[in-house]
Each structure stands twice: as structure tokens, then as C-alpha cells.
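Trainee: Okay, handing you the structure first.
Just so you know, all these numbers are worked out from the coordinates, no wet-lab data involved. Please read all numbers here as calculations on a predicted model, not as lab measurements. Quick reminder, even Gly has a Cβ in these numbers, built from the backbone with ideal geometry, and neighbours come from all protein chains shown.
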Amino acid sequence: MPAALLGQTKLTGKVVAATEPNGLPGVNIAIKGTNSGTISDIDGNFSLEVESGATLIFSFVCFQT
């Protein structure tokens, strides 16, 4: 296993909003302070390898980051 992956955990989730409880597609999910991230799928689901204590930043058109 590469050293960069040691201490990382697979984080999964679903991005929803009060106006769209079924999930938001195309939300950018970034790990703060890195160039790593992902985008939510058509149902708002995402999966990302993160280190313990990582901060995620969610951004989407017309929504506050």
C-alpha cells in the first residue's frame, strides 16, 4: 500500500438540500488544503479517501460554500 494512503479512510455520503432532499448532482467536494476531491453523482452520492480530521468543502452553483 502506498505511504500516502496509510491513515486514510473511505468516506461516503449524500449531498442534499432542504429544497432537494433526493440529492444534489454535480456538487464539488474538496479536501481543504489539498488538490484532492470528487463530485457527487446524479443522486448526490459521493465517496472520497480522507485522512482523520480532514475538512471537506462543498461547493455548488447558486449555493454558499
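Trainee: Can you compute 3J(HN,Hα) from phi for each residue in the range 29-44, using the Karplus curve 6.51 cos²θ - 1.76 cosθ + 1.60 with θ = phi - 60°, rounded to whole Hz and x for Gly and Pro?
Mentor: Result, ordered by residue: 10, 10, 8, 4, x, 10, 9, 9, x, 7, 10, 5, 7, 4, 9, x Hz.
Trainee: Give me the one-decimal nm value for the distance between modelled label points at residue 64 and residue 45, 7 Å along each residue's Cα-to-Cβ direction.
Mentor: 3.1 nm
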